[in-house]
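Report on the following structure.
The values are calculated or read from the model by the stated rules, or taken from the named source; none is laboratory data. Because the structure is a prediction, the values reported are computed rather than measured. We place every Cβ from the backbone using ideal geometry, glycine too, and count neighbours over all the protein chains shown. To get the accessible areas, we keep the full protein, side chains included, count just its heavy atoms, and leave off ligands, DNA and RNA. Shrake-Rupley method; radii C 1.70, N 1.55, O 1.52, S 1.80 Å.
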Amino acid sequence: MDSGWMAVWPVAAFFLGGLATQLTGLLNHRRQQAEKAEDAAAAFRQRRADFELDHLQRLGEALQVLGRAVGRAHHTDVMTSRETGHYAGTLLGAEASDGLGSANRDVRMLLGLVLDDSLREQVQATQALLNVPSGMHRAPVEQAEDALVRAVFALDETQGRIAERIREIYLKVPAASDGIAASR
């Protein structure tokens, strides 16, 4: 019987070795899959951060352009009020009107791509305030001035929030290579 068991041990060892190899292979495969999933997640986070950064920077620039266009239109309306006695008593010239329209379109286009809901709402409110003075036909100049001041303060606050969000993104999201190296 001893010789029978002696013949079984090599076969059993062979099968146990094969089983251990299979188990090791399975564990390595799962580890590699987990690493691939983490790499993919890190790459996605980086792409999302890059997307958000790009759009926030472009939105900040578009808001600046809109602010300048509003300022030019307001100046034109104030100058016109000296002649007519009324704020926005005449239509804006084609250049000022087109500049205001184009700047508003650019902000609206980028606005839909803002990922943060509260920031998107703040930008919408700021854009609305920036357009109040140009809609104040035949209003007293002082009221238009007050509306412009409120709009400028809102613009400054909104641009501050955009800059804050950009800083948060830069501080939170490591470079793609940092995230991959850290996960290994």
Yes/no for L115 being modelled with pLDDT under 95 and more than 13 Å from V70 (Cα to Cα):
yes
Every residue in the stretch 132-149 that is among the small types (G, A, S) and surrounded by fewer than 14 Cβ atoms within 10 Å (Cβ to Cβ), please.
G135
Six or more apart or on different chains, Cβ atoms under 8 Å: show the pairs whose first residue is in the stretch 112-139 and farther than 30 Å from G85 by Cβ and of a type in the set (S, T, N, Q) and whose second is open to solvent by 60 Å² or more (accessible area, probe 1.4 Å) and assigned to a helix (DSSP H, G or I).
Q122/E157; Q122/R161; T126/E157
Look through L129, L63, L115, L110 and report the one residue that is under 15 Å from the mean Cα position of the chain (by Cα) and open to solvent by 50 Å² or more (accessible area, probe 1.4 Å).
L115
Residue satisfying condition, being over 25 Å from G160 (Cα atoms), surrounded by 13 or more Cβ atoms within 10 Å (Cβ to Cβ) and in contact with a strand residue (DSSP E or B) (Cβ under 9 Å, 6 or more places away or on another chain), within set D77, D39
D77
Answer yes or no as to whether A34 is part of a helix (DSSP H, G or I), over 25 Å from N131 (Cα atoms), of a type in the set (G, A, S) and touching a residue at least 12 places away in the same chain (Cβ under 8 Å).
no
Considering each residue of the stretch 45-60, count those that are farther than 19 Å from L171 by Cβ and either open to solvent by less than 20 Å² (accessible area, probe 1.4 Å) or among the aromatic types (F, W, Y) (or both), and give that number.
1
Is there a residue being touching a helix residue (DSSP H, G or I) at 6+ places or on another chain (Cβ under 8 Å), among the polar types (S, T, N, Q), closer than 30 Å to E145 by Cβ and without any contact (Cβ under 8 Å) to a residue 40 or more places away in the chain anywhere in the stretch 58-75?
no
